[in-house]
Amino acid sequence: MKILFVCTGNTCRSPMAEGIMKNVLREKGAEAEVISRGIYASEGNPASEYAVSSLKNLYGIDISGHRSAKLTFYDIESSDFVYAMTESHKNIIQMTIDDDEQSKKIKTFSYEDIIDPYMGSKKEYELCAEEIYKGIIRIAEEELGL
């Protein structure tokens, strides 16, 4: 199984989701490949400082080795689940896909958009990390049956 998280630049939300999902899977004894990408990402940028420190402080998760990567069609095609951080991200991804089966696996991450904390305060990053954590738990339980 392969799970893909998508945001804008792949330095804040999707790397946090990737790190949290990997941790939750490990805790539940489940295995899956988990990756994250950005629709408009520049290649090779590290996760933002507050994304790294928020996950480390709140959950003991280290994403300091993360490097950003741009979303490709192969990423979508090779993934079983694709979670977009916002409805806008989902729509952008679906506009590039002309295959109905591929399009069906693209979902929004949560019931509400996950607001981008980019350039925000440490507290904004922590609140974002907490929202993402809740969403990961929901996905693990409701969609993955863990």
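What shape does segment 1-56 take by its C-alpha gyration tensor, where a ≥ b ≥ c are the square roots of the eigenvalues and a/c under 1.5 counts as rounded, a/b above b/c as prolate, and the rest as oblate? It comes out oblate by the Cα gyration axes.
For the chain, the relative contact order comes to 29 percent (Cα pairs under 8 Å, sequence separation of at least 6).
One quarter of the convex hull surface, Cα atoms only: what value does that give for segment 1-139 in nm²?
That works out to 7.5 nm².
Basic side chains Lys and Arg get +1 at the Cβ, acidic Asp and Glu get -1 at the Cβ, and with that the dipole of segment 1-106 about its Cα centre reaches some 380 debye. Extension gain for GLN94-ASN45 works out to 15.1 nm (0.36 nm per residue, less the C-alpha to C-alpha distance). The chymotrypsin sites (Phe, Trp or Tyr not before Pro) found in segment 40-146 that occupy coil by DSSP, while having at most 15 further C-beta atoms within 10 Å, are TYR40, TYR111.
DSSP finds beta bridges in segment 1-125, and of those with both partners inside it, around 5 percent are antiparallel.
Exposure here means at most 13 other Cβ atoms within 10 Å; with GluC sites (Glu not before Pro) in a DSSP loop as sites, the longest stretch of the chain lacking them is 44-111. Check every DSSP H run in the chain and write down those whose alpha carbon atoms cover 20 angstrom or more along the long axis and whose mean Kyte-Doolittle hydropathy is -1.0 or greater. Correct list, ordered by number: 13-27, 122-138. When the alpha-carbon atoms of segment 74-146 are used, the pair Rg, Dmax equals 13.6, 40 angstrom. Structural descriptor for segment 1-49: relative contact order 54 percent, calculated from alpha carbon pairs under 8 angstrom and at least 6 residues apart.
Each reported figure results from applying straightforward, stated rules to the coordinates on display, with no laboratory input. Bear in mind that the values here come from a model prediction, so they are computed numbers and not experimental data. Neighbour counts run over all protein chains shown; Cβ positions are idealised from the backbone, glycine included.
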